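Asker: Submitted below is the structure of interest, expressed as structure tokens.
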């Protein structure tokens, strides 16, 4: 029997996450997850791959506002502000309907993070009426979308995989890494070889919800960035160790966690929920 130990949302793509005790599911992921994104002036997305220090900015949400925090300043963005400046924002190969949150947010982000290749930074919000479908080959007849996540609405990781990774890092005399390097939405305990469970389901009988595991998550430069400091101390780790350990039976690469879609109706999931794995 597996159990959920941690839940997270990341309101602004590539900024710090928020730990939750419970989260509300939806077709595009947990409420507010990756609903905002930082872009250049042409509305092309920017992440920690380009600006490592994005990891140091915090986000919080109250009933009225999205609030961004640096060490010295904060910015408040009203949740119900009138959305007049509709734009088309690009994330990977997808062009999405979004709203520009205005010059105050742009100036604040540019002051905190600096320009990117001579461009000021913009903050955009995914349109409530927007659609960004998960690729058809992963759906098996189920409808699923995402907001500004890389491709899937949910990312699930396991403590067993992290323990195995850190054991491998120790053997190479490299520093252990924490779970926040992998920016999961759901962390579970009690699942061995999660990355090899593609096409399996993780279900909670009591709360009557189910997630379909659809694709092991191939990792990039972001997992080399310390999520507390924004620094890269070992540029090749933990990517090199993940490649060596071959967590996934998929093509060669560094894999950690499973991309997932919701198979059931919208519901509330909680830390402590017990899950069963079925194929």
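The values are calculated or read from the model by the stated rules, or taken from the named source; none is laboratory data. All figures in this text were calculated on a predicted structure; none of them were measured in a lab. Neighbour counts are summed over all protein chains in view; Cβ atoms, including those assigned to glycine, are modelled from backbone coordinates with ideal geometry.
Asker: Please pick out the residue among 168, 212 that is in contact (Cβ under 8 Å) with a residue 40 or more places away in the chain, within 25 Å of residue 96 (Cβ to Cβ) and over 14 Å from the mean Cα position of the chain (by Cα).
Answerer: The match here is 212.
Asker: Can you name the condition, by its number, that residue 193 falls short on among (1) modelled with pLDDT of 95 or more; (2) more than 23 Å from residue 140 (Cα to Cα)?
Answerer: (2)
Rundown of residues vs (1) within 23 Å of residue 11 (Cα to Cα); (2) out of contact with any strand residue (DSSP E or B) (no Cβ under 9 Å at 6 or more places or on another chain); (3) surrounded by fewer than 18 Cβ atoms within 10 Å (Cβ to Cβ), yes/no style:
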site: 153; (1), (2), (3): yes, no, no
site: 160; (1), (2), (3): no, no, yes
site: 163; (1), (2), (3): no, yes, yes
site: 175; (1), (2), (3): no, yes, yes
site: 178; (1), (2), (3): yes, yes, yes
site: 186; (1), (2), (3): yes, no, no
site: 192; (1), (2), (3): no, no, yes
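Asker: With the requirement that a residue be in a loop (DSSP other than H, G, I, E, B) and touching a residue at least 60 places away in the same chain (Cβ under 8 Å), what does segment 1-16 give you?
Answerer: Correct list: 1, 10, 13, 14, 16.
Asker: Within segment 69-100, which residues are part of a loop (DSSP other than H, G, I, E, B), in contact (Cβ under 8 Å) with a residue 40 or more places away in the chain and under 20 Å from residue 51 (Cα atoms)? Steps first, answer last, please.
Answerer: Taking segment 69-100 first, the residues part of a loop (DSSP other than H, G, I, E, B) are 70-73, 79-85, 92-93.
Checking the rest, the ones that are also in contact (Cβ under 8 Å) with a residue 40 or more places away in the chain come to 70, 83, 92.
The answer is 70, 92.
Asker: Still on this structure, I have one more. Limited to segment 113-166, what total is found for residues that are modelled with pLDDT of 95 or more and on the phi > 0 side of the Ramachandran plot?
Answerer: The total comes to 3.
Asker: I would also like to ask the following. Where in segment 17-64 are the strands (runs of 3 or more DSSP E), entirely inside, with at least 3 residues that are buried (at least 22 other Cβ atoms within 10 Å of the Cβ), free of Cβ contacts under 8 Å to residues at least 60 places away in the same chain and under 14 Å from the mean Cα position of the chain (by Cα)?
Answerer: Ranges flagged: none.
Asker: Give segment 157-176 a look and list any residue that's outside any helix (DSSP H, G or I) and farther than 17 Å from residue 189 by Cα, or say none.
Answerer: Those that are outside any helix (DSSP H, G or I) and farther than 17 Å from residue 189 by Cα: 172, 173, 174, 175, 176.
Asker: Kindly establish whether residue 232 is part of a loop (DSSP other than H, G, I, E, B), out of contact with any helix residue (DSSP H, G or I) (no Cβ under 6 Å at 6 or more places or on another chain) and surrounded by fewer than 19 Cβ atoms within 10 Å (Cβ to Cβ).
Answerer: No, not satisfied.
Asker: Can I ask one more? With respect to residue 15, determine if the residue is in contact with a strand residue (DSSP E or B) (Cβ under 9 Å, 6 or more places away or on another chain) and either modelled with pLDDT under 95 or not assigned by TED's automatic domain parsing to the domain that holds residue 267 (or both).
Answerer: Numbers: in contact with a strand residue (DSSP E or B) (Cβ under 9 Å, 6 or more places away or on another chain): yes; either modelled with pLDDT under 95 or not assigned by TED's automatic domain parsing to the domain that holds residue 267 (or both): no.
For residue 15, the condition - in contact with a strand residue (DSSP E or B) (Cβ under 9 Å, 6 or more places away or on another chain) and either modelled with pLDDT under 95 or not assigned by TED's automatic domain parsing to the domain that holds residue 267 (or both) - is not met.
Asker: Would a scan of segment 110-124 turn up a residue that is loosely packed, with under 15 Cβ neighbours inside 10 Å, free of Cβ contacts under 8 Å to residues at least 60 places away in the same chain, in a loop (DSSP other than H, G, I, E, B) and touching a strand residue (DSSP E or B) at 6+ places or on another chain (Cβ under 6 Å)?
Answerer: No - not one qualifying residue is present in segment 110-124.
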